[in-house]
Amino acid sequence: MSIGRRTRLALGIVTVAILVFIYLPIGLIVVYSFNSGTTPAWPPVGFTLDWWALAVRNSGLQQAFLTSIVAALCATAIALVLGTLASIAVARHRFFGRESISFVVVLPIALPGIVTGMALSTTFAQVGFPLGFFAIVVGHATFCIVIVYNNAIARLRRVSGSFEEAAADLGADQWLTFRTITLPALRSAIVAGALLAFALSFDEVIVTIFTAGGVKTLPIWIFQSFRLANQLPLVNVAGVVAILLSVVPVYLATRLSSSVVGART
Amino acid sequence: MTLSIDPREAHPPARGGSATSNGAGTPGIAVRLDGVEKRYGDVVAVAGVDLEVRDGEFFSMLGPSGSGKTTTLRMIAGFELPTRGRVVLHGRDVTDVAPFDRDVNTVFQDYALFPHMTVGDNVGYGLMVRKVPVAERAGRVAEALRMVRLDGYERRRPSQLSGGQRQRVALARALVNRPRVLLLDEPLGALDLKLREEMQIELKAIQQQVGITFIYVTHDQEEALTMSDRLAVFNAGRIVQLGTPAEVYERPGTRFVAGFVGTSNLVTGDVARSIMGRDGTFTIRPEKIRLAEPDASVGADETAAAGTIRDVVYLGPDTRYIVELDAGARLVVTQQNLATTSTEALAQQGRAVRLVWKRQHELPLVEGESDTQEEDKG
């Protein structure tokens, strides 16, 4: 379809405006994290690395950062195992309730985080499971599984099941077939899924609030410090770190899933 | 002197390398199916198949799509579990045995070459699984690739090969394991005509060289007739006829077989009575009919029928004439273009002729009720 020159110009302007609207505030945070003034105000006064140095030495920020990284890694690990297994079950085996399983697995991503948080918090309290780090991991795993599962099942549906049949035909049992055939075909898809899951877990706030107890993750630390004027330069630094840890995995994931690794010959 | 009888000595293999049986089953039988059925809910894919495939033979399962031939093959391979019946391989009941524990290998319709592995690793996969030492593996892979005329292709990727080459790799990957039975699921279906004809000859040669039992699924009647020692014609989940290519072609048992294997030239009812003076349904192969002048004389052992040429299809070496008989019915007649040019052949349209054939070429068909309703499928 060809569009007129004017329309094209108008669409271009609108697109640029939207992108500016989305990315300018994010850019400002990055700029302010290097701003030598103590208040975030335009124009920046000068360049400094002081806030970064201070942030590295701040034990509360350090602790929150570490908690976020480890929690995201744990949630992603759980999601990798369960999400991959579930996708293979649904894509490659026939069993009673298969369609419902698929729906039930995907549901947590659609459920409001606040509902998941509430429900988990209530349940944990009733069964005596302490709120805190492990509760956060379980809470994050509920939606991380969906990301891995969706990526893996999309790949499995594209890759012919006859590869697995061929391996079995050549004498490989199920474990060997999984290791030598299914996993290599799935690898890029589940790595992409894991990167996205990590990014999602890393900046999650709502479910975390309900399950954290007293534990602080980086987003929670930012959220609480945001109101304290003297912490604001540090918050900007923490924000930039959060941006990097979300953008990089997402970028890698899109690169991975666009390449056609393991597609049919 | 002690007398020991080795069953393998008592019943030597039908051909070449493969041994007969481990003593438990009928010697010389590679695959036996006993009343094998496969249902998916209400859908009947295979409605009861009894079959014995002999050791070392090239056996084809021929039929239209949906006739149950591929499902039958997949039950022999172990990918599908029969709803009822037994699958016996060389005397061992394998009905409930997983595919990886069966001594058969499959060449898949879509080849199913592992895309993340080189050709060498693909061919060596079965040996790797069986923990054959690396040094021996390389030698056997090279040997298998030589057999399919792809020597030196070890390091290529499947994606770098043409369709015909992939087909050969799939064949090498199965043969390298020296299975006792090789299953082939329409392996030439994706190739163009010329390549397909080449591969037919090559496959048959390889089969005779290695002496392995081949079970070959195809919907192409010519392929089945050219390559097979014996073939089974499938329709609606059953075997409707089983025999050598010559038996099936020259003595089709039913309308369906007559139509599917060859062209169905049917003469039935009043027409049969008026022309041949016989009751029943008959088929006459198009190449057995002679086109003659309307006043041509007829031998004592021959039948003749007057008609008009309605259509002429020039095929190069042959011409196909569609003749409308005065008594009713249409017959297809093929004549070799030994001394006829295309112009001469095409000018025949509308001419009155006399069709002549030997009585021995009137093949009576069994008219079953299930058979008539499937006629249009062929």
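The values are calculated or read from the model by the stated rules, or taken from the named source; none is laboratory data. The structure displayed is predicted, hence computed values, not measured ones. Cβ sites come from the backbone with ideal geometry, for glycine too, and all protein chains shown count toward neighbours. For accessibility, only protein heavy atoms count, side chains too; no ligands or nucleic acids. Shrake-Rupley method; radii C 1.70, N 1.55, O 1.52, S 1.80 Å.
If you count, for every residue in A:158-168, the Cβ atoms of partner chains within 10 Å of its Cβ, what is the mean?
6
Hey, any idea what % of chain A's accessible area is carbon plus sulfur with a 1.4 Å probe?
Answer for chain A: carbon and sulfur cover 72 percent of the accessible area.
What Kirkwood hydrodynamic radius do you get for region A:51-264 when you take the inverse of the mean 1/r over all pairs of distinct Cα atoms, in Å?
Working: mean 1/r = 0.0534 Å⁻¹.
For region A:51-264, the Kirkwood estimate is 18.7 Å.
Please report how far the C-alpha centroid of region A:82-142 lies from that of region A:198-260, rounded to the nearest whole angstrom.
22 Å
Using modelled backbone amide H atoms (1.01 Å from N, in-plane), which distant-in-sequence or interchain residues come within less than 5 Å of B:Q241's amide H?
B:V233
What residue among B:G280, B:G163, B:G299 has the largest mean-square fluctuation in a Gaussian network model of chain B, using Cα springs under 10 Å?
Comparing B:G280, B:G163, B:G299 in the GNM, the peak value goes to B:G299.
Given charges of +1 on the Cβ of Lys and Arg and -1 on the Cβ of Asp and Glu, with all other atoms neutral, how large is the dipole of the protein assembly as shown about its Cα centre, in debye to the nearest 20? Write out the running numbers ahead of the final one.
Values: 62 positive and 59 negative charges, 511 e Å.
Dipole of the protein assembly as shown, to the nearest 20 debye: 2460 debye.
Given the -39500 (n - 2.57) contribution per DSSP H run of 4+ residues, what per-residue ellipticity at 222 nm results for chain A, rounded to the nearest 500 deg cm²/dmol?
-25000 deg cm²/dmol
Output ³J(HN,Hα) for region A:72-81: one whole-Hz value per residue in order, computed from phi by the Karplus curve 6.51 cos²θ - 1.76 cosθ + 1.60 with θ = phi - 60°, and x for Gly and Pro.
My calculation for region A:72-81 gives 5, 5, 5, 4, 5, 4, 4, 5, 4, 5 Hz in order.
When a/c is below 1.5 the answer is rounded, else prolate if a/b is larger than b/c, else oblate, so apply that to region B:292-373 with a ≥ b ≥ c taken from the square roots of the Cα gyration tensor eigenvalues.
Taking the square roots of the gyration eigenvalues as a ≥ b ≥ c, region B:292-373 is prolate.
Could you work out, residue by residue across B:106-113, how many beta carbons of other chains sit within 10 Å of that residue's beta carbon, and then give the average as an integer? Before the final figure, lay out the partial values.
On the way: counts 6, 2, 6, 1, 6, 4, 12, 5.
Per residue, the number of nearby Cβ atoms from other chains is 5 on average.
With contacts defined as alpha carbon pairs under 8 Å and 6 or more residues apart, what's the relative contact order of chain B in percent?
Here the relative contact order equals 15 percent.
As I understand it, the dipole of the protein assembly as shown uses +1 on the Cβ of Lys and Arg and -1 on the Cβ of Asp and Glu, about the Cα centre. Which of A:G60, B:L266, A:I147 lies farthest toward its positive end?
My answer, from the dipole projection, is A:G60.
Could you work out the local net charge near B:Q349, counting Lys and Arg as +1, Asp and Glu as -1, over the other residues with Cβ closer than 13 Å to its Cβ?
Working: positive: B:R310, B:R320, B:R351; negative: B:D311, B:E324, B:E344.
Summing Lys and Arg as +1 and Asp and Glu as -1 gives 0.
Using the charge dipole of the protein assembly as shown (Lys, Arg: +1 at Cβ; Asp, Glu: -1 at Cβ; taken about the Cα centre), state which of A:A135, A:A212, B:V132 has its Cα farthest towards the positive end.
A:A212
Roughly how tilted is helix B:119-129, in degrees to the nearest 10 and between 0 and 90, from the longest Cα axis of chain B?
Taking Cα atoms only, the helix is inclined about 60 degrees.
Could you tell me the largest-minus-smallest coordinate of the C-alpha atoms of chain B on each of the three principal axes, in descending order and whole angstroms?
77, 55, 47
Note down the Stokes-Einstein diffusion coefficient of region A:128-183 in µm²/s, whole number, using a Kirkwood radius over alpha carbon pairs, 25 °C, and 0.890 mPa s.
Numbers: Rh = 13.8 Å.
Estimated diffusion coefficient is 178 µm²/s.
Near the amide H of B:T281, under 5 Å away, which other amide H atoms are found, from residues 5 or more places off or on another chain, if H is placed in the peptide plane?
Result for B:T281 returns B:L365.
Probe of 1.4 angstrom, ligands and nucleic acids ignored: what's the accessible area per residue over region B:38-112, in square angstrom? Intermediate values should be presented prior to the final figure.
On the way: 2770 Å² over 75 residues.
On a per-residue basis, 37 Å².
What's the total accessible area buried between chains B and A, using a 1.4 Å probe, rounded to the nearest 100 Å²?
Details: alone 18250 and 15580 Å², together 31830 Å².
Using a 1.4 Å probe on protein heavy atoms, the buried area is about 2000 Å².
About its Cα centre, what dipole magnitude does region B:21-251 give when the only charges are +1 on Lys and Arg Cβ and -1 on Asp and Glu Cβ, stated in debye to the nearest 20?
On the way: 30 positive and 30 negative charges, 140 e Å.
Value, rounded to 20: 680 debye.
Heavy atoms only, probe 1.4 Å: what % of the accessible area of region B:198-247 goes to carbon and sulfur, would you let me know?
51 percent
If we count trypsin sites (Lys or Arg not before Pro) as exposed when they sit in a DSSP loop and have at most 12 other beta carbons within 10 Å, what is the longest stretch of chain B that avoids them all? Can you show the working numbers first?
Values: sites that count: B:R130, B:K131, B:R149, B:R155.
Counting only loop sites that pass the neighbour cut-off, the longest clear stretch is B:156-378.
What are the equivalent ellipsoid semi-axes of the protein assembly as shown, built from the alpha-carbon gyration tensor (square roots of five times its eigenvalues), in whole angstrom, biggest first?
For the protein assembly as shown, the semi-axes come out at 70, 32, 24 Å.
Roughly how many Å² is the accessible area per residue of region A:51-264, as a whole number, for a 1.4 Å probe?
48 Å²
Got the relative contact order for region B:263-364 handy, in percent, Cα pairs under 8 Å and 6 or more residues apart? If you can, show how the numbers build up before the last one.
Details: 212 pairs, mean separation 35.8, N = 102.
That works out to 35 percent.
Looking at region A:85-161, which trypsin sites (Lys or Arg not before Pro) are in a loop (DSSP not H, G, I, E or B) and have at most 15 other Cβ atoms within 10 Å?
The qualifying sites are A:R94.
Per-residue Cβ counts within 10 Å, from other chains only, averaged over A:91-104: what number is that? Write down the numbers at each step before the final one.
Values: counts 0, 0, 0, 1, 0, 0, 0, 0, 0, 0, 0, 0, 0, 0.
Mean shielding count: 0.
Say we join alpha carbon atoms closer than 10 Å with springs in a Gaussian network model of chain B; which of B:P99, B:P133, B:P64 then has the biggest fluctuation?
Most flexible of the set in this elastic network: B:P133.
If I fit a long axis through the Cα atoms of helix B:193-210 and take the longest principal axis of the Cα atoms of chain B, what angle between them do I get, 0 to 90°, rounded to 10?
The angle comes out near 50 degrees.
Tell me the relative contact order for region B:67-180 as a rounded percent, counting alpha carbon contacts under 8 Å between residues six or more apart.
Numbers: 128 pairs, mean separation 32.8, N = 114.
This gives 29 percent for region B:67-180.
Separation of region B:191-262 and region A:17-44 by C-alpha centroid, Å?
Using only Cα atoms to place each centre, the spacing works out to 76 Å.
Compare A:I209, B:I322, A:I29 by solvent-accessible area with a 1.4 Å probe and give them largest first, with all protein chains kept in place.
A:I209, A:I29, B:I322
P(r) for region B:81-218, please, calculated from all Cα pair distances in 5 Å bins and given in %.
2, 10, 19, 22, 21, 14, 8, 4, 1, 0
Looking at chain B as a GNM with Cα springs under 10 Å, which of B:E37, B:E154, B:E302 has the largest mean-square fluctuation?
The residue that fluctuates most here is B:E302.
Which ³J(HN,Hα) values, rounded to whole Hz and listed in residue order, are derived for region B:230-247 from phi using the Karplus coefficients 6.51, -1.76 and 1.60 in 6.51 cos²θ - 1.76 cosθ + 1.60 with θ = phi - 60°, glycine and proline given as x?
9, 9, 10, 8, 9, 8, 6, x, 9, 7, 9, 7, 9, x, 6, x, 5, 4
Would you mind checking which residues have amide H under 5 Å from B:A45's amide H? H placed 1.01 Å from N; only 5 or more apart, or other chain.
Residues meeting the amide H criterion: B:K38, B:R39, B:Y40.
Per residue of region A:202-216, in order, report the coupling 6.51 cos²θ - 1.76 cosθ + 1.60 (Karplus, θ = phi - 60°) as ³J(HN,Hα) in whole Hz, putting x for Gly and Pro.
Using θ = phi - 60°, the values come out as 4, 10, 6, 10, 5, 4, 4, 4, 6, 10, 6, x, x, 6, 10 Hz.
If you line up the long axis of helix B:134-147 against the longest principal axis of chain B, both from Cα atoms, how many degrees apart are they, to the nearest 10?
In chain B, helix B:134-147 runs at an angle near 10 degrees to the longest axis.
Roughly how far apart, in whole Å, are the Cα centres of region B:61-139 and region B:153-171?
So the separation of the two Cα centres works out to 19 Å.
Which listed residue (B:Q360, B:I309, B:T340) has the Cα farthest towards the positive end of the charge dipole for region B:263-364, taking +1 on Lys and Arg C-beta and -1 on Asp and Glu C-beta about the Cα centre?
Of B:Q360, B:I309, B:T340, it is B:Q360.
Quick one: putting +1 on the C-beta of Lys and Arg, -1 on the C-beta of Asp and Glu, what dipole do you get for chain A around its Cα centre, in Debye to the nearest 20?
Dipole of chain A, to the nearest 20 debye: 660 debye.
Heavy-atom accessible area per residue, region B:263-364, 1.4 Å probe: how many Å²?
Heavy-atom accessible area per residue stands at 50 Å².
Percent antiparallel among DSSP beta bridges with both residues in the protein assembly as shown, to the nearest 5? Spell out each step's value before the answer.
Values: 52 of 71 bridges.
Counting DSSP beta bridges with both partners in the protein assembly as shown, the antiparallel share is about 75 percent.
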